1. For the pair GLU98/LYS132, report the inter-label distance in nm, with labels modelled 7 Å from Cα in the Cβ direction.
2. What ³J(HN,Hα) values, in whole Hz, does the Karplus curve 6.51 cos²θ - 1.76 cosθ + 1.60 give for the stretch 78-90 when θ = phi - 60°, with x put for Gly and Pro?
3. Computed over the Cα atoms of the stretch 1-62, what is the ratio Rg over Rh, Rh following Kirkwood?
4. Pairs LYS64/LYS127; LYS29/LYS91; LYS77/LYS132; LYS23/LYS91: which are spaced more than 19 Å apart, C-alpha to C-alpha?
5. Which is farthest toward the positive dipole end of the stretch 51-95 among GLN65, TYR79, ASN55, measuring Cα position about the Cα centre, with Cβ charges +1 (Lys, Arg) and -1 (Asp, Glu)?
6. Would you kindly derive the ³J(HN,Hα) couplings of the stretch 30-37 from the backbone phi angles with the Karplus curve 6.51 cos²θ - 1.76 cosθ + 1.60 (θ = phi - 60°), listing them in order in whole Hz, with x for Gly and Pro?
7. Roll a 1.4 Å probe over the protein chains and send me the accessible area per residue for the stretch 30-103 in Å².
8. On a 25 Å Cα-Cα criterion, which of the cross-link pairs LYS46/LYS143; LYS46/LYS97; LYS46/LYS124 come out too long?
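The values are calculated or read from the model by the stated rules, or taken from the named source; none is laboratory data. Worth saying up front: this structure is predicted, and the values here are computed from it rather than measured. So basically every Cβ, Gly included, is an ideal-geometry build from the backbone, and we count neighbours across all protein chains shown. For accessibility, only protein heavy atoms count, side chains too; no ligands or nucleic acids. Shrake-Rupley method; radii C 1.70, N 1.55, O 1.52, S 1.80 Å.
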Amino acid sequence: MEWRMFEITLISARNLEVRETQKTNVYAKISIAGHPITEKRTPVDKKGGANPAWNFTTTCMIGKQAVEHDVVKIEIKLYRSRALGDKYIGKVCVSFKELFNLERTLWGRLRTLFSCPKGAGVGKTVKYSVKKNGGSDSSGVLKFSYRFGEVVIVNQPSGQGSTSPLVAELVVLFIKVVIAAALSIDIPFSWAGV
């Protein structure tokens, strides 16, 4: 099976629409859009209020096809942590393909030739508007950085002999994310190091 590493660092958010009269503790949930089972959560920022900062990095392995189709998206939802139930602030939803193409600009490709293994990205920092209700309502700006790794082939163990810890971990943590779209593609996914 062909995998590609994807590393994302949620840096911060600015000017979120939250009531400043109350203490605002903000966190984010990262997942493959439409698949909450793939969710990963940042720590709660207790100091930033409407301008939280996390500098939270996580890495996952995605199927190679994820960067070839616009239907496979990463979704980042922001919430205000409250004692009586968390309150949804808004979200950013962007396709892996769009992120992959942004990272592969001419300058990025030139830097990659001299500084990274073949197929590995150099990383990029981006800002996206946080959308409140899926429409054009903006609720601030989310800043994150990301990078894609090179494609690696991981064979599933046959049960004979020993396997490397990475292969065993990937197989144990393997989650198939079926994208219900016109393409009906099957994208493997796994948080690395979970």
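1. Distance between the two pseudo-spin positions: 2.0 nm.
2. Computed from phi, the couplings for the stretch 78-90 are 9, 9, 9, 6, 9, 5, 9, x, 5, 10, 5, 9, x Hz.
3. Numbers: Rg = 14.1 Å, Rh = 13.1 Å.
In the stretch 1-62, Rg relative to Rh is 1.07.
4. Numbers: LYS64/LYS127 25 Å; LYS29/LYS91 9 Å; LYS77/LYS132 10 Å; LYS23/LYS91 21 Å.
Result: LYS64/LYS127; LYS23/LYS91 exceed 19 Å.
5. TYR79
6. After applying 6.51 cos²θ - 1.76 cosθ + 1.60, I find 10, 7, 6, 3, x, 10, x, 5 Hz.
7. Details: 3400 Å² over 74 residues.
Here the residues of the stretch 30-103 average 46 Å² of exposed surface.
8. Values: LYS46/LYS143 18 Å; LYS46/LYS97 33 Å; LYS46/LYS124 27 Å.
The pairs that break the limit, which is 25 Å between Cα atoms, are LYS46/LYS97; LYS46/LYS124.
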